[in-house]
Structure formats: C-alpha cells, structure tokens
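The values are calculated or read from the model by the stated rules, or taken from the named source; none is laboratory data. None of the values given here were measured: they were computed from a predicted structure. Neighbour counts run over all protein chains shown; Cβ positions are idealised from the backbone, glycine included.
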Amino acid sequence: MHVSDRSPVSWKGDYPAEIWSSLEQIGDLARKHGVTAVLDGGDYFHVKAPSKNSHAIVAKSAAIHAAYPCPTWCIEGNHDVKHNNLDTISEQPLGVLFESGAFRHLREEVFSDGDIQVRVVGMPYDPNRSLADIQAVRKQSGDTHLVMLVHALASENPPAHVEDFFGEPVFRYADFVVDGGPDVVCLGHWHRDQGIVEVQGRMFVNQGAVSRGALVRENLERIPKVALLEFLTDGVEVTPLPLKVAPALEVFDLERKERLEQERRNIDHFVEMMTSALAETSNDIEGTIRSLAFAQEDKSCALDYLERARESR
C-alpha cells in the first residue's frame, strides 16, 4: 500500500486520498465476495521512520480495517521496519496495528471450511532471504492447499541486470516449485505488475504495488489490482480485481518531470562542453566556464560550485 499522509513530489493529485479510497474498495470487494481473510504482502507504510508517520494515518488505517468483514493478515516489508531489522517492528506504526488487533501478524495460519484446509505461511522481508528458506515451505498433514505470502523480488524470467540494481536476491518462479510446495505464491516488494502466472501447475500472484508513487512509465499505464483467491476441492482459482483510481494524467505532475529532465539534460550538456573546451585549451577552469555559450546565471552557479569544491578540499 505504501500509506503516507503526504503526496510524493511527482504528484499534483491527492496521494493519501487515493490510498484511502483503494483500502475502502478492498473492504468492499471482501464484503462482496464473502472472503475469509485479506492478505497484505508488506510495505503497508511508506516512510520507515516512525516519527514521520502521523498518529492520524495509523488511526485511520485501524478504522478502515475495522470495517472490513474479515481480519487482515499482514507481513512486514522493508518499509515497515528500520534498518531491515524485523526486531524493530515493536517501535513501528505497523507494530502498533499488530498490537491493537487492527492487523494480525502473519507467520502461519490455517483456514478450514468443510473438507478444505488452507494453510497460509507468511515470509517477511529479509535481504538475505535464501532459496532454501522458500523451498522449505511444504504441505503438512491435513493441508489441502498451501499458500506462501512472501516479500521478495521474484519473476518468471527476471532480467539479468535486476539483481545488481536492487542489490538483493531475485528469484525465478520455477525455482519455487518443489514437491509438496505451495499451490499459490503471492509476492510483494516489486512494484511492477507481473500479473498472475501458472508455472508447473503452481500459481504466482505478483500484481505490483497497490499505490502509484513514482512517476515512471509503467505507472502512467498501470491500473492497481488485488487478487481474489478461491480454494476448491479440485484446485485454486485466482481472479484479478482492478481498483478504481483517477487517470494518471490527473494525478502525476508531468510538467515538473519534464522540467527536471530538461535541467538534467542542460547540466549534462554544460559538463560535456566544459570538458571538451578544457581538453582543447588549458587548465584555466574559470576562464573556460566564462567562455561557454550559456546564460550568465548558469555560469555563475558553476563558478560557485567550483569555489565550494576547492574550499572543501
């Protein structure tokens, strides 16, 4: 969810209002479909520092979920704790929701209905999460279905550069598939919508973040979704349920993004010209800057930064 009471700098719309609307819609969908439990895959809060999350958003979160027709079970994401340390949860806003009973802390829970027994295992964020941890989750006696809810990076075919970019393990769906392993794997952490995929008879639900914080191309096109999991005697049905959100052009500040990108291009061009001019003439940096065909205010700014750099050395 990435709940926050402030809109990101990339927004001109009301980010908190969209979050509350999405949460209320989830409650309505839970009521409409008569669900047994709502599962939250972590990163419920956006800002990690507890002092920067108001009491108001904690109270509103509790009130909205209290109106749900069923409990909400949640695991911790990396934004819900400090320094990637799960032991800090008692100091965090999510820890307050756990203690209050507004959320239930998911590690392992069994839901039964007649001959159907669904066991749900929650695996919170761990930067050192191993494939062995994931493959160790197996069915137990009496389980007709097993669900694993994990806050980790995973994809059917992850691009080669992703692990280097994030600096943490990125798993392949096929590696999750083991004898007696989960029938359904629900994933949080990666914000990109990778849909609902069946791999070797197992379902992978990885529909991305419910929020749309960053002004990236995908968020200009993506409609946030949740998923309905229905457990039957002969299998599992997973249905995507889109949420109603304002058009991206109404909420994102595209003009500001263009201004920032233009500034970046101008800076890059300035540096290229200065480097080229220095290579052709001399090491007189100040003279080179003054000779460049840029606005006087740009050259004054560059000279100011140069002076600061010299002072810091």
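Given segment 59-171, what helices (runs of 4 or more DSSP H) lie entirely inside it while holding 2 or more residues that are modelled with pLDDT of 95 or more and over 18 Å from Met1 (Cβ atoms)? Show your work before the answer.
Numbers: elements: 93-100, 131-135, 162-166.
Once the helices (runs of 4 or more DSSP H) in segment 59-171 are filtered for at least 2 residues that are modelled with pLDDT of 95 or more and over 18 Å from Met1 (Cβ atoms), what remains is 131-135.
Would a scan of segment 199-220 turn up a residue that is more than 13 Å from the chain's Cα centre (by Cα), loosely packed, with under 14 Cβ neighbours inside 10 Å and under 25 Å from Asp28 (Cβ atoms)? Looking through segment 199-220, none of the residues is more than 13 Å from the chain's Cα centre (by Cα), loosely packed, with under 14 Cβ neighbours inside 10 Å and under 25 Å from Asp28 (Cβ atoms).
Summed over segment 1-32, residues that are over 17 Å from the mean Cα position of the chain (by Cα) and either in a helix (DSSP H, G or I) or closer than 21 Å to Tyr125 by Cβ (or both) total 11.
Within segment 176-183, is even one residue out of contact with any Cys (no Cβ under 8 Å at 6 or more places or on another chain), part of a helix (DSSP H, G or I) and at pLDDT 95 or above? Working first, answer last.
Filtering segment 176-183 down to residues out of contact with any Cys (no Cβ under 8 Å at 6 or more places or on another chain) leaves 176-183.
Right, trim to part of a helix (DSSP H, G or I) and you get 176.
With at pLDDT 95 or above added as a condition, the list becomes 176.
Yes - at least one qualifying residue is present in segment 176-183.
Among the numbered conditions (1) modelled with pLDDT under 95; (2) of a type in the set (Ser, Thr, Tyr); (3) under 17 Å from the mean Cα position of the chain (by Cα), the only one that Ser51 does not meet is (3).
Just one of the numbered conditions (1) over 25 Å from Leu241 (Cα atoms); (2) touching a residue at least 60 places away in the same chain (Cβ under 8 Å) is not true of Lys48: (2). Across segment 273-313, the number of residues qualifying as more than 22 Å from Glu263 (Cα to Cα), within 40 Å of the chain's Cα centre (by Cα) and of a type in the set (D, E, K, R) comes to 1.
Scanning segment 54-92 for residues that are surrounded by 17 or more Cβ atoms within 10 Å (Cβ to Cβ) and under 16 Å from the mean Cα position of the chain (by Cα) yields Cys74, Ile75, Glu76, Gly77, Asn78, His79, Asp80, Val81.
Contact map, segment 192-216: first residue within 15 Å of Val226 (Cβ to Cβ), second residue in a loop (DSSP other than H, G, I, E, B) and of a type in the set (Phe, Trp, Tyr), Cβ cut-off under 9 Å, separation 6 or more or different chains; pairs are Asn206/Trp190; Gly208/Trp190; Ala209/Trp190.
Condition check: under 17 Å from the mean Cα position of the chain (by Cα), assigned by TED's automatic domain parsing to the domain that holds Ser211 and in contact (Cβ under 8 Å) with a residue 40 or more places away in the chain. Does Val35 satisfy that? Against the criterion (under 17 Å from the mean Cα position of the chain (by Cα), assigned by TED's automatic domain parsing to the domain that holds Ser211 and in contact (Cβ under 8 Å) with a residue 40 or more places away in the chain), Val35 does not qualify.
A quick yes/no check of all residues on (1) under 17 Å from Val226 (Cα atoms); (2) touching an Asp or Glu at 6+ places or on another chain (Cβ under 9 Å):
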position	(1), (2)
Ser7	no, yes
Ala30	yes, no
Val38	yes, no
Ser51	no, no
Ala59	no, no
Pro69	yes, no
His83	no, no
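Listed by first and then second residue, the pairs with beta-carbon distance under 7 Å, at least 6 apart or on different chains, first residue in segment 61-82 and touching a residue at least 12 places away in the same chain (Cβ under 8 Å), second aromatic (Phe, Trp, Tyr) and in a loop (DSSP other than H, G, I, E, B), are His65/Phe103; Thr72/Phe103; Cys74/Tyr44; Cys74/Phe103; Glu76/Tyr125; Gly77/Tyr125; Asn78/Tyr125; Asp80/Tyr44.
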